[in-house]
Amino acid sequence: MLNTIIIIIYPLFIYLINVFLTKKNLLPNYSGDNHQKFFNKKEIQLSGGLFLIPVFFIITYDHSTVLVISIFFIFLLGLSSDIGFFSSAKFRLLTQSIIILFFLFYSKTTLTSVRIDAFDLMLENYWFSLFFTLTCLMILTNGTNFIDGLNGLVLTYYLVIIFIIFNLELFEYSFLNQSDIFLMLMIFIYLILFNIFNQLYLGDSGSYIIGFLLGYFLLQIFENNLLFSPYFVVLLFWYPAFEILFSIIRKIKSKKSPLKPDNKHLHHLLFLYIFKIFIKIIKEKSHKK
């Protein structure tokens, strides 16, 4: 019942809060100028995380207090970055790793198997398993932030993942039920519409908590379902992980800091390529006329 009410009223809630934030100029796009302002120079509100955090609390509060606390602090870390309070990428990376490590340790959540015998032997060591799981979640969380460079990209990507999980009924192996999954699907659709029409950006706060929560969600399904292939998990999350690898290699090769944001990620390059082709076709048609 609660989820149904939220689905009905949430578009109006997003609109009213975003209008208020815009008028008060509370969350303008101060951070990540090269990254967030790839095509739009207008100061758009970095409010996406504000609309995700209540929904994530609702679907997780009766599962794990540690999870709720961790989501909250990851959200605060991202929000601090969005308002320009923590400008150091190294500090954010360190703080994020401490929060996720805290969650994994106190929730006793670690990968125990990847279905590869030699690697599974190493995962039998608790500390190796703990830090390997930490690395996976860190890559996904920050990779999600890396792909937040074009409107609708992050939300649409994870909407597809949630829909796949929903369609295959894999949520039965997690702490979420069908109603929770449907709620997330609808909220993501709402935010995609606001994002595409330049009414809000996800910001670091939104992308951080999406990557972290969805990473834990798939981790739980994988651990509870022996038939769930690790390659399927890799297939679902390959793009955020690839963006990090692609960006790190490119920046090191160019003798730049891997932590410094820019607009040369894969999605930027693909969009520019398609955009140039589109402009070329329009010019050719105009010349023919």
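Only the coordinates and a few stated rules stand behind these numbers; no lab work does. This one's a predicted model, so the numbers in the text were calculated from it and none came from an experiment. Methodologically, a virtual Cβ is constructed for each residue, glycine included, from the backbone with ideal geometry; neighbour enumeration extends over all protein chains shown.
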Among the listed pairs LYS108/LYS251; LYS90/LYS255; LYS256/LYS276; LYS90/LYS251, give every one whose C-alpha distance is greater than 24 Å.
-> LYS108/LYS251; LYS256/LYS276
Give me VAL233, VAL19, VAL55, VAL154 ranked fewest to most by other Cβ atoms within 10 Å of their Cβ, as a rough exposure proxy.
-> VAL19, VAL233, VAL55, VAL154
Please arrange GLU124, GLU172 by counting, for each residue, the other beta carbons lying within 10 Å of its beta carbon, fewest first.
-> GLU124, GLU172
Point-to-point label distance, GLU124-ASN25, nm (Cα→Cβ direction, 7 Å offset) | 6.3 nm
Which of the peptides 68-74, 192-198 is most tightly packed, and how do the rest follow, going by the mean number of other Cβ atoms within 10 Å of each residue?
-> 68-74, 192-198
Provide the net charge surrounding LEU67, with neighbours chosen by a C-beta distance below 14 Å and charges set as Lys +1, Arg +1, Asp -1, Glu -1.
-> -1
Relative contact order computed over the range 2-264 (Cα-Cα under 8 Å; 6+ residues apart), in percent = 28 percent
Label-zone membership for the range 133-171, site ILE196, 7 angstrom Cα→C-beta point, backbone N under 11 Å | 152-153, 156
Between ASN177 and VAL68, what length comes free when the chain is fully extended (0.36 nm per residue of separation minus the Cα-Cα distance, one decimal in nm)?
-> 37.5 nm
Over its alpha-carbon atoms, the range 2-264 yields an Rg and a Dmax in Å of 18.1, 58
The range 162-252 - Debye-derived log10 I(q)/I(0), Cα point model, q = 0.11, 0.17, 0.24, 0.26 Å⁻¹ = -0.40, -0.88, -1.29, -1.35
Here the range 95-216 gives, from Cα atoms, an Rg and Dmax in Å of 16.1, 50
At 0.36 nm per residue, minus the direct Cα-Cα distance, what do ASN167 and PHE246 gain on full extension? Give it in nm, one decimal, please.
-> 25.3 nm
Using label points projected 7 Å from each Cα along Cα→Cβ, tell me how many nm separate SER107 and LEU16, to one decimal.
-> 3.2 nm
Of the peptides 183-190, 76-83, how do they stack up when ordered by the mean number of other Cβ atoms within 10 Å, highest first?
-> 76-83, 183-190
Would you mind computing, in nm to one decimal, how far apart the modelled labels at LYS276 and ILE58 are, each placed 7 Å from Cα along Cα→Cβ?
-> 4.5 nm
